Amino acid sequence: MSAPLYDRVALIGLGLIASSMFWAIRRTGLAGEVTGYARSEATRATARRIGLCDRVCDSAAEAVEGADLVVLCVPVGAMGQVAEEIAPALKPGATVTDVGSVKRDVIAQVAPHLPEGVFFVPGHPLAGTEHSGPESGFAELFDNRWCLLVPVEGTPEAPIARLRAFWEGMGANVDTMDAEHHDLVLAVTSHTPHLIAYTMVGVADDLRRVTDSEVIKYSAAGFRDFTRIAASDPTMWRDVFLTNKDATLEILGRFTEELFALQRAIRIGDGAHLFDYFTRTRAIRRGIIEAGQDTDAPDFGRKKVVR
Ligand code: NAP
C-alpha cells in the first residue's frame with residue numbers, strides 16, 4: 001500500500017473505466033475516499049451492491065463536493081453537460097480530469113465550465129474491453145497500458161505530476177501529448193479499426209440472411225476478432241465518431257486508397273504486391289508484442305476478471 005495521492009477522488013459515471021479505476025485505486029490505496037455517481041438509479045444500486053466506491057451519491061454535485069480529484073468517466077458526448085452540472089460544487093484547487101477517447105472536443109466542451117482555481121488535466125487510458133457497465137471493471141485493466149495526458153496550456157506542473165503518479169499507481173505508463181496529435185493517433189490505432197470491424201460484421205450480418213447462419217457457425221478467427229470489437233458499447237462509439245470526425249475521415253480516406261490498391265492487386269493477380277504488403281503488416285504485429293502491448297495468446301492477452 002502506498003500513501004494516498006489524493007484525500008478524496010470522485011468518479012462521475014460508473015462504467016468499465018470508472019469501476020476499473022476504483023479497483024485499481026483500492027489495490028494500492030491511492031486515495032483516502034472514493035465517491036461515485038452514475039446517471040441511473042439502477043447503476044447506482046448495482047454500485048452499492050458490489051461495493052463499488054466508498055460512497056455512492058445521488059447527484060454529481062454531491063459526489064464532487066470536497067474532492068481533490070474529479071474524474072469524468074461518461075461518454076464523450078456527455079462531458080460538457082456533466083462539467084456544467086458539477087462546476088459550482090468543485091473545491092478550489094481541485095484537479096478535474098477525464099478518460100474520454102477523444103481529446104479536442106472534450107476540452108472544448110469541458111474547459112469553459114470550469115471555475116478559476118480548478119486545474120483541468122484531460123487524460124485517456126488506452127485500455128478497455130468490449131464490456132461496459134459497473135460490473136465489467138477489474139483492477140488489472142491499466143497494468144502496463146498507456147495513459148495519455150493532454151494538459152491544457154497554462155496548467156502548472158504540480159497537478160499534472162500528481163495525476164501522472166496516480167495513473168502510474170494504477171499500473172499504467174504515462175505520456176503527454178497535445179490534443180490534436182492524440183486525436184489523429186487514436187483515429188489510426190483505435191477509432192478507424194473499430195469502424196472497419198463494425199462494417200465487416202455488418203456485411204457478414206447481411207450475408208447471414210443468404211447463407212442461413214453459416215457465417216456464425218463456421219466463424220473463423222479473423223471474423224471472431226472483428227465481432228469482439230464490434231460488440232463495443234454503441235453509445236460510446238457513436239460519440240467517438242461524432243466528436244473525432246476530422247481525424248477519422250482523414251484516416252478512412254487513406255484506408256480506402258490502400259484498400260483499392262489491394263483490390264486492384266487481387267484483380268490483376270499481383271501476388272508480389274500482396275506478399276510484400278502482408279510481410280510489412282506482419283512486422284507491425286511483432287513490434288506490438290515485443291513492446292509488451294499484447295501477447296500471442298488467442299484471447300488477445302486479456303486476463304479473466306479478478307477482483
Ligand atoms: P460505460 O461502461 O458505458 O459507462 C458509462 C457511464 O457513464 C455509466 O455509468 C453511465 O451511467 C454514465 N453516463 C452515460 N451517459 C451519461 C450522461 N448523459 N450523463 C451522465 N452520465 C452518463 O463506459 P466506459 O467504457 O467506462 O467509458 C467511459 C469513458 O471512457 C468514455 O468517454 C469512453 O470514451 C472512455 N474510454 C472507454 C474505453 C473502453 O474501451 N470502454 C477505453 C478508454 C476510454 P448509467 O449506467 O446510469 O447509464
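The values are calculated or read from the model by the stated rules, or taken from the named source; none is laboratory data. This one's a predicted model, so the numbers in the text were calculated from it and none came from an experiment. All Cβ positions, even for glycine, are placed from backbone atoms using ideal geometry, and neighbour counts span all protein chains on display. Surface areas here come from the heavy atoms of the whole protein model, side chains and all, with no ligands, DNA or RNA. Shrake-Rupley method; radii C 1.70, N 1.55, O 1.52, S 1.80 Å.
Does residue 75 satisfy the condition of being touching a helix residue (DSSP H, G or I) at 6+ places or on another chain (Cβ under 8 Å), at pLDDT 95 or above and more than 9 Å from the ligand (Cβ to nearest atom)? Judged against the criteria, residue 75 is not a match.
Inside region 112-129, residues that are assigned to a loop (DSSP other than H, G, I, E, B), within 8 Å of the ligand (Cβ to nearest atom) and open to solvent by less than 40 Å² (accessible area, probe 1.4 Å) make up a count of 3. Taken together, 39, 26, 55, 49 contain a single residue that is in contact with a strand residue (DSSP E or B) (Cβ under 6 Å, 6 or more places away or on another chain), open to solvent by 10 Å² or more (accessible area, probe 1.4 Å), on the phi < 0 side of the Ramachandran plot and in the same structural domain as residue 152 (by TED's automatic domain parsing), which is 55.
Tell me, which helices (runs of 4 or more DSSP H) wholly within region 191-307 include 1 or more residues that are within 18 Å of the chain's Cα centre (by Cα) and of a type outside the set (Asp, Glu)? Per the criteria, 192-211, 221-230, 234-243, 245-268. Every condition in (1) open to solvent by less than 50 Å² (accessible area, probe 1.4 Å); (2) modelled with pLDDT of 90 or more holds for residue 273 except the one numbered (1). Out of 99, 64, one residue alone is within 11 Å of the ligand (Cβ to nearest atom) and buried (at least 16 other Cβ atoms within 10 Å of the Cβ). It is 99. You will find that of 235, 189, the residue that is within 16 Å of the ligand (Cβ to nearest atom), within 28 Å of residue 77 (Cα to Cα), exposed (fewer than 13 other Cβ atoms within 10 Å of the Cβ) and not hydrophobic (A, V, I, L, M, F, W, C) is 189 and no other.
Of all residues in region 130-146, exactly one satisfies the criterion of being within 11 Å of the ligand (Cβ to nearest atom), surrounded by fewer than 20 Cβ atoms within 10 Å (Cβ to Cβ) and over 14 Å from the mean Cα position of the chain (by Cα), namely 135. Mind checking which residues of region 102-111 are open to solvent by less than 10 Å² (accessible area, probe 1.4 Å), within 17 Å of residue 147 (Cβ to Cβ) and assigned to a helix (DSSP H, G or I)? Within region 102-111, 106 is the sole residue that qualifies. Scanning region 276-296 for residues that are free of Cβ contacts under 8 Å to residues at least 12 places away in the same chain and polar (S, T, N, Q) turns up 279, 281, 295. Going by the conditions given, is residue 110 touching a residue at least 60 places away in the same chain (Cβ under 8 Å) and under 24 Å from residue 179 (Cα atoms)? It is false that residue 110 is touching a residue at least 60 places away in the same chain (Cβ under 8 Å) and under 24 Å from residue 179 (Cα atoms). Annotation: of all residues in region 1-23 being among the β-branched types (Val, Ile, Thr) and touching a Cys at 6+ places or on another chain (Cβ under 8 Å), the one that is most open to solvent (accessible area, probe 1.4 Å) is 17. Filtering region 167-178 for residues that are out of contact with any Cys (no Cβ under 8 Å at 6 or more places or on another chain), surrounded by 15 or more Cβ atoms within 10 Å (Cβ to Cβ), aromatic (Phe, Trp, Tyr) and in a helix (DSSP H, G or I) leaves an empty set.
If the condition is being under 19 Å from the mean Cα position of the chain (by Cα) and within 22 Å of residue 19 (Cα to Cα), then region 82-109 contributes 82, 83, 96, 97, 98, 99, 100, 101, 102, 103, 106. Filtered by the rule that a residue be open to solvent by 40 Å² or more (accessible area, probe 1.4 Å) and either touching a Cys at 6+ places or on another chain (Cβ under 9 Å) or over 23 Å from residue 240 (Cβ atoms) (or both), region 79-96 gives 88, 91, 92, 93.
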